[in-house]
1. So which residues in segment 113-122 are surrounded by fewer than 21 Cβ atoms within 10 Å (Cβ to Cβ) and either within 18 Å of SER27 (Cβ to Cβ) or touching a strand residue (DSSP E or B) at 6+ places or on another chain (Cβ under 6 Å) (or both)?
2. Give the number of residues within segment 41-80 that are closer than 19 Å to ALA95 by Cβ, among the β-branched types (Val, Ile, Thr) and out of contact with any Lys or Arg (no Cβ under 6 Å at 6 or more places or on another chain).
3. Within segment 27-61, count every residue that is of a type outside the set (Asp, Glu), crowded, with 18+ Cβ neighbours inside 10 Å and in contact (Cβ under 8 Å) with a residue 24 or more places away in the chain.
4. Mind counting the residues in segment 30-67 that are assigned to a strand (DSSP E or B), closer than 23 Å to MET111 by Cβ and of a type in the set (Ser, Thr, Tyr)?
5. Run down ILE78, ILE126, ILE92 and say which single residue is under 18 Å from ARG35 (Cα atoms), among the hydrophobic types (A, V, I, L, M, F, W, C) and surrounded by 12 or more Cβ atoms within 10 Å (Cβ to Cβ).
6. Taking segment 8-26 as the region of interest, how many residues are in a loop (DSSP other than H, G, I, E, B) and either under 17 Å from GLY109 (Cα atoms) or in contact (Cβ under 8 Å) with a residue 12 or more places away in the chain (or both)?
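Coordinate-derived values only; no laboratory data. Keep in mind it's a predicted model, so treat the numbers as computed, not measured. Cβ atoms come from the backbone with ideal geometry, glycine included; neighbour counts cover every protein chain shown.
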Amino acid sequence: MDSIADFLIRIKNGYRAKKEQVSSPWSKMRETIARILAKHGYLAGVKVKKIDSAKKELVVKLKYDDQGQPALTEVKRISKPGRRIYAPADKIPYALGGAGITLVSTSQGIMIDREARKRNLGGEIIGQVW
């Protein structure tokens with residue numbers, strides 16, 4: 001099972017159902033992706049909640065504008081467990097002609113496409129958000 005695709009779809013479905021927040025099992029990668037999305041205005045907030053001594057849960061607060069429109073309209077998983085997609089810095093795809101962001105897993109951590117190009121880092125193309 002693809003845990004990153006599951007996480008992104010939970011967020012997308014939460015927006016479609018007009019939820020205030022969605023939760024997901026915690027992982028370091030999911031938390032990093034959620035914090036990047038929050039930093040760039042696609043989410044209102046991210047919290048890590050302890051369930052017990054061994055388990056954690058990631059709670060993501062969704063963001064809407066004044067008219068009730070979601071901040072995030074679409075997500076697209078690019079690299080999948082069955083087919084990993086890698087790209088050098090100059091070949092990282094633009095999301096929606098630059099209006100969205102592409103998440104890239106580099107040797108220096110997960111970052112958005114603009115930052116990876118600026119640092120001249122390629123890596124695995126996780127997905128796109130707009």
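1. Scanning segment 113-122 gives LEU121, GLY122.
2. Going through segment 41-80 one residue at a time, the tally reaches 2.
3. Residues meeting the conditions: 9.
4. Residues that pass the stated criteria total 0.
5. ILE126
6. Counting residues in segment 8-26 that are in a loop (DSSP other than H, G, I, E, B) and either under 17 Å from GLY109 (Cα atoms) or in contact (Cβ under 8 Å) with a residue 12 or more places away in the chain (or both) gives 4.
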